[in-house]
Amino acid sequence: MNLILQGPAADAAAVERIAALAGSASVSPAGAHAWRCAGVEPTPEARAAIDAACLAQGIDYAFVQPGLKLSDFRLLTMDMDSTLITIECIDEIADMQGLKPQVAEITEAAMRGEIEFQESLTRRVALLRGLDASALQRVYDERLRLSPGAEPMLAAVRAAGLKTLLVSGGFTYFTDRIKERLGLDYTHANVLEIADGKLTGRVVGGIVDADEKRRTVERVCAELGVSPAQAIVMGDGANDLKMMAIAGMSVAFRAKPVVRAQASVALNVCGLDGILPLFDL
């Protein structure tokens, strides 16, 4: 396997030490702050040693098949909150009600997998009842930011011919705007109910939970005539695990431990464009 080592603060000396630890036959550049270590055998012992060394040095690592190309995939699927964007939208909406700590606590528990997502979303949205709907635009304008590396990643993905899907346990108010802003191909999210210009504390229709996220990936793949094995899926929370499990490559982005443990790639210090050095040109 190739071992890809990368990080904005990574230096060549640290990379050489980890490459030697991994028993790599050769080390070559794979990007501005990325290196490809060839001929590594990813035994459990090697993985544990590399994991510890990379953690100590603030370096992301991934084992990938030699010769893997981005164009081998046909779909990039992204979670929205804390993945494509830096915030949890519902937490920021709640902040307009002075309820951010209460809502954020439920959000965190759901992302760690301690509360079922449907229950957590129902409880959180109920706390927003009576909030003026103009708060949604304020969150979008004042607080929503793309995660580092989002735009170069999307540019490379488009150039390689992949379609893009944003599937979120958040809200269509934000996914619709991000779709237009970034030129995404597909989106799917929850619909907040609004009456007389105020949030009712309910969502309209079914909730986009872990099962619905997985079904959405399967549905879009079927529409494209490709297998989920030709999809890259990126997420950070427990409700992303089911869609990540069916993907050809799963990427945990600054994710909860339960997600990092099950993903094929974890990006802890790099931006979203940290997926690009994983592929041969």
Distant-in-sequence amide H partners of Val203 (H built 1.01 Å from N, under 5 Å): Glu193
Give me a comma-separated list of calculated 3J(HN,Hα) values for the stretch 196-204, in order, Karplus coefficients 6.51, -1.76, 1.60 applied at θ = phi - 60°, integers in Hz, x for any Gly or Pro. 6, x, 10, 6, 8, x, 9, 9, 9
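Starting from the coordinates of the alpha-carbon atoms of the stretch 1-66, obtain the Kirkwood hydrodynamic radius over all distinct pairs and give the value in Å to one decimal.
This gives a value of 11.3 Å.
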Could you work out the helix-only [θ] at 222 nm for the chain, with each DSSP H run of four or more residues adding -39,500 (n - 2.57) and the total divided by the number of residues, to the nearest 500 deg cm²/dmol? -11000 deg cm²/dmol
Proxy reagent accessibility, fewest Cβ within 10 Å first, across Thr164, Thr172, Thr77, Thr122: Thr122, Thr172, Thr164, Thr77
Take the alpha carbon gyration tensor of the chain, find the square roots of its eigenvalues, order them as a ≥ b ≥ c, and report rounded if a/c is under 1.5; if not, report prolate when a/b exceeds b/c, else oblate. prolate
Restricting the count to DSSP beta bridges whose residues both fall in the chain, what percent are antiparallel, rounded to a multiple of 5? 50 percent
Looking only at trypsin sites (Lys or Arg not before Pro) in DSSP loops with at most 14 other Cβ atoms within 10 Å, what is the longest site-free stretch of the chain? 146-281
Starting from the Cα of Lys256, draw a straight line to each of the lysines and keep only those under 28 Å, dropping any in the same chain fewer than 8 residues away. Lys69, Lys100, Lys163, Lys179, Lys213, Lys242
So if each residue of separation counts as 0.36 nm, and I subtract the Cα-Cα distance between Ala159 and Arg215, what length gain in nm does that give? 17.5 nm
Three-way shape label, the stretch 18-158, alpha-carbon gyration tensor, a/c 1.5: prolate
Starting from a Cα-only point model with no solvent, please compute log10 I(q)/I(0) by Debye for the stretch 205-281 at q = 0.14, 0.15, 0.25 1/Å. -0.45, -0.52, -1.14
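Values in this text are rule-based calculations from the coordinates and carry no lab data. Predicted, not measured: the structure shown is a model, and the values here were computed from it. In this analysis, Cβ positions are derived from the backbone assuming ideal geometry, glycine residues included, and neighbour counts consider all displayed protein chains.
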